[in-house]
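Trainee: Okay, handing you the structure first.
The values are calculated or read from the model by the stated rules, or taken from the named source; none is laboratory data. All of these numbers come straight from a predicted model, not from anything done at the bench. With ideal geometry, Cβ positions are generated from the backbone for all residues, glycine too; neighbour counts draw on all protein chains shown.
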Amino acid sequence: MIFYVSAAVALLMGQALGQTVGDEIKNVRDDIRSLCYKVYGKDTGAKNCRPVSATDSQRHIVHECWKSGWSGQGSLRCKYGFDIYGTNTVNSGDQNLHPGSNGGRRRLAVDTGVATGMGSGLAEEERELPIPDGAPAALHSARFNFENLEDTKQTEVLGKYTVNNALCILQGVKVHKTEADVEPQCVVSTEGGNWTLEMVSASCTAMCIPRNVMAQTL
């Protein structure tokens with residue numbers, strides 16, 4: 001009850017000061033977007049906190065995007081509002097790419113070839129870094145090629161290669177020009193025991209070799 005009274009008072013004060021209800025809604029959206037940036041961080045806020053214009057059919061500000069398909073070569077998909085964690089009361093189930101989503105740019109994540117001829121590029125939803133169904137088993141050596149054109153770090157899971165069954169190393173780096181004061185980089189790392197490739201404004205190539213293959217060559 002207090003909330004509704006406060007909202008009504010705010011609207012009346014806004015009208016008294018020459019602001020319309022639409023202006024007040026825009027003020028609230030600005031505040032929500034500011035809080036969104038505070039949650040996600042100033043550097044990555046643009047990827048998750050989209051501006052909403054008067055003509056946008058998708059009215060949610062908070063969103064998360066990812067490349068569909070286990071090989072990371074599908075279309076860019078996004079979840080908006082509470083759909084990220086559950087179900088929206090309005091516009092639920094909308095996964096289309098709307099204006100301003102993902103920072104207004106499409107991130108590329110492409111696997112251009114594998115040493116053994118099997119597919120291996122992965123680009124799933126980054127906040128969980130899952131190993132997608134159908135990813136190749138760590139039976140042979142494989143080469144992964146990814147490209148991140150953005151100034152924020154992106155992380156890709158390197159198939160089903162783990163620290164226990166394989167060794168993954170960085171093979172190639174091609175840096176891209178950046179608009180921000182960031183250092184382009186490619187880093188082979190691990191998360192939860194899985195080998196990963198971290199990228200900032202760069203094209204990166206990593207090679208994974210199963211430990212049983214290495215043992216056969218010794």
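Trainee: So how many residues does the stretch 173-207 have that are over 11 Å from LEU149 (Cα atoms), touching a Gly at 6+ places or on another chain (Cβ under 9 Å) and hydroxyl-bearing (Ser, Thr, Tyr)?
Mentor: Total meeting the criteria: 1.
Trainee: Does LEU167 satisfy the condition of being in contact with a strand residue (DSSP E or B) (Cβ under 8 Å, 6 or more places away or on another chain), at pLDDT below 90 and not aromatic (Phe, Trp, Tyr)? Spell out how you get there, then give the answer.
Mentor: Values: in contact with a strand residue (DSSP E or B) (Cβ under 8 Å, 6 or more places away or on another chain): yes; at pLDDT below 90: no; not aromatic (Phe, Trp, Tyr): yes.
So LEU167 fails the test.
Trainee: Report yes if some residue within the stretch 101-113 is modelled with pLDDT of 75 or more and either polar (S, T, N, Q) or in the same structural domain as MET199 (by TED's automatic domain parsing) (or both); otherwise report no.
Mentor: Going through the stretch 101-113, the residues modelled with pLDDT of 75 or more turn out to be 101-102.
This time we only want the ones that are either polar (S, T, N, Q) or in the same structural domain as MET199 (by TED's automatic domain parsing) (or both), so: 101-102.
So far as the stretch 101-113 goes, yes, one or more of its residues are modelled with pLDDT of 75 or more and either polar (S, T, N, Q) or in the same structural domain as MET199 (by TED's automatic domain parsing) (or both).
Trainee: When you scan the stretch 155-210, how many residues do you find that are touching a Ser or Thr at 6+ places or on another chain (Cβ under 6 Å) and not hydrophobic (A, V, I, L, M, F, W, C)?
Mentor: Residues flagged as touching a Ser or Thr at 6+ places or on another chain (Cβ under 6 Å) and not hydrophobic (A, V, I, L, M, F, W, C) within the stretch 155-210 amount to 14.
Trainee: Same structure again: Please pick out the residue among HIS176, HIS140 that is farther than 24 Å from ASN212 by Cβ and either at pLDDT below 50 or not hydroxyl-bearing (Ser, Thr, Tyr) (or both).
Mentor: So the residue among HIS176, HIS140 that is farther than 24 Å from ASN212 by Cβ and either at pLDDT below 50 or not hydroxyl-bearing (Ser, Thr, Tyr) (or both) is HIS176.
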